[in-house]
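Coordinate-derived values only; no laboratory data. Computed from a prediction, not measured in an experiment: that's the story for all the values here. When we count neighbours, we look across all protein chains shown, and the Cβ atoms used for this are built from the backbone with ideal geometry, even at glycine.
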């Protein structure tokens with residue numbers, strides 16, 4: 001159950017960071033805040049400290065990090081960014097962005 005919660009929080013976190021970076025009308029601080037690495041380190045740490053066993057904490061930290069990366073890359077292809085909304089094109093593009101290429105190679109670990 002905690003892994004499902006971590007996956008959902010990770011997806012939302014990654015998508016939020018990507019979207020924050022595109023909100024330039026709020027000022028230059030949004031791009032700066034979206035490019036900071038500290039939140040990406042705090043997220044798996046916060047989930048990891050909830051566990052008593054080291055291997056489970058590491059697995060949970062990796063899971064939330066990979067989910068956040070998937071959310072980040074999924075948001076880059078979303079209609080909120082520059083891509084037009086047609087269901088077929090959006091769905092196939094979203095699947096391609098989140099499951100193929102270099103990302104799939106790194107995220108296909110036994111933890112995931």
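Starting from the Cα-Cα distance between residue 12 and residue 45, subtract it from 0.36 nm times their residue separation and give me the gain in nm to one decimal.
10.2 nm
Quick one: if the Förster radius is 30 Å, what FRET efficiency do residue 99 and residue 37 give, using the C-beta to C-beta distance and rounding to 0.05?
0.75
Can you give the FRET efficiency to the nearest 0.05 for residue 22 and residue 1, using r as the Cβ-Cβ distance and R₀ = 22 Å?
It comes out at approximately 0.10.
Suppose each label sits 7 Å from its Cα in the direction of the beta carbon; what would the residue 53-residue 92 distance come out to in nanometres?
4.4 nm
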